[in-house]
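Structure first, then comments.
The values are calculated or read from the model by the stated rules, or taken from the named source; none is laboratory data. What you see is a predicted model; the values in this text were computed from it and never measured. Glycine also receives a Cβ, built like all others from the backbone with ideal geometry; neighbour counts cover every protein chain displayed.
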Amino acid sequence: MSILQINAGTCSQCGICAAVCPIGLIEFREKGYPEGGASMESRCFRCGHCVAACPSASLIHRDIPAEQCPPIEKELQITAAQGEQFLKSRRSIRVYRDKAVPRDVINHLIEIARYAPTGGNGQEVEWMVFDNQETLRQIEKLGLDWMRWTVEQRRSTVFNMAEMKKAQEKSMKELLRGAPTLVIAHAARNIRIASVDCVIALTYLELAAKSQGLGSCWAGLVDAMTSSFPPMQELLSLPPGQKAHGSVMLGYPNYHYTRIPQRNTPRIIWHGGFRK
Ligand SMILES: Cc1cc2nc3c(=O)[nH]c(=O)nc-3n(C[C@H](O)[C@H](O)[C@H](O)COP(=O)(O)O)c2cc1C
Ligand code: SF4
Ligand code: SF4
């Protein structure tokens, strides 16, 4: 079966599929039907844009079955104002309720996060989830060891490690803030764009969490510990060849915010306007 087939009975010959293909693989001439070019088999990176943009479901892609591409429901579209408030009101949650996040909820968030953009549509982000409270406490203990080790070794970090260490000795909650879940995104070490992909996927996860009534916070200390401290790497035991690129704590927020805090005015350099 060829990779691309067109239903000539329903195709309106609009050419949208050709226009949206990121690599220009679909050939289209006025009053003709779209066709897959010669290099399609090897160069198509299965982004699904051709299937998703066709207004009449006339384009059949061998590897992207239409039944796995659900329609976008108009009644679920949010307004611009709703979108703006949703994005601006996301906060890093650091006080969590003593309530476990069910695994099906975490699965749902990860399912949403797989729609995040990935370089070359690589979709290589993988996940590690900690929801065992004993292991999370073990990570907090390792955190203290790591802080002491960092201070003793005088290793330079972006954190004020001496102060962090004091706080951790007091609360044992500096790393994870008492969150009942820690989610780590990882990918094959040899994929150069993977760290960006993982960060974007975790950002999707954070936004998805908010949309489901959960709270989250980027776990930068865990990231720093994971990249530098062998005992933490041992605890993670990532599959061979994998590298962790970011982690987020997750749980039900104890408090709800009623205002959007102020942020800096963006600094923007404009390089000329649009001319046609
Ligand atoms: C780190 C990164 C780099 C990307 N670079 C490019 C790029 O240079 N040109 C481009 O057309 N798309 C680029 N993309 C977009 C991806 O190709 C796109 O996310 C992927 O094909 C999936 O499509 P979607 O974002 O529509 O879901 C990039 C995406 C990421 C995350
Ligand atoms: S799946 Fe993406 S890359 Fe492949 S033909 Fe369709 S639009 Fe082009
Ligand atoms: S987008 Fe659909 S209707 Fe338009 S030319 Fe392509 S296959 Fe035909």
For this session: Check whether at least one residue in the stretch 17-28 is touching a strand residue (DSSP E or B) at 6+ places or on another chain (Cβ under 7 Å), in contact (Cβ under 8 Å) with a residue 12 or more places away in the chain, closer than 22 Å to Pro117 by Cβ and of a type in the set (Gly, Ala, Ser), and report yes or no.
Result: yes
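List the helices (runs of 4 or more DSSP H) that sit entirely inside the stretch 1-111 and contain at least 1 residues that are under 30 Å from Trp218 (Cα atoms) and outside the structural domain of Asn121 (by TED's automatic domain parsing). Write out each step before concluding.
Working: elements: 16-20, 40-43, 49-53, 80-88.
Qualifying helices (runs of 4 or more DSSP H): 80-88.
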Problem set entry | Tally of residues being aliphatic (A, V, I, L, M) and either out of contact with any helix residue (DSSP H, G or I) (no Cβ under 8 Å at 6 or more places or on another chain) or buried (at least 17 other Cβ atoms within 10 Å of the Cβ) (or both) across the stretch 87-99 | 2
Exercise. Among the residues of the stretch 32-85, which ones are within 16 Å of ligand 1 (Cβ to nearest atom) and either polar (S, T, N, Q) or in contact (Cβ under 8 Å) with a residue 60 or more places away in the chain (or both)?
Worked result: Phe45, Arg46, Cys47, Asp63, Gln68
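Let's see how each residue does on (1) more than 18 Å from Arg148 (Cβ to Cβ); (2) modelled with pLDDT of 95 or more; (3) in the same structural domain as Val125 (by TED's automatic domain parsing):
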{"residue": "Glu163", "(1), (2), (3)": "no, no, yes"}
{"residue": "Glu174", "(1), (2), (3)": "no, no, yes"}
{"residue": "Ala187", "(1), (2), (3)": "yes, yes, yes"}
{"residue": "Ile191", "(1), (2), (3)": "yes, yes, yes"}
{"residue": "Ile200", "(1), (2), (3)": "yes, yes, yes"}
{"residue": "Leu205", "(1), (2), (3)": "yes, yes, yes"}
{"residue": "Gln233", "(1), (2), (3)": "no, yes, yes"}
{"residue": "Leu238", "(1), (2), (3)": "yes, yes, yes"}
{"residue": "His245", "(1), (2), (3)": "yes, yes, yes"}
Exercise. Looking at the stretch 161-176, is at least one residue more than 30 Å from Ile64 (Cβ to Cβ), within 23 Å of the chain's Cα centre (by Cα), assigned to a loop (DSSP other than H, G, I, E, B) and free of Cβ contacts under 8 Å to residues at least 24 places away in the same chain?
Worked result: no
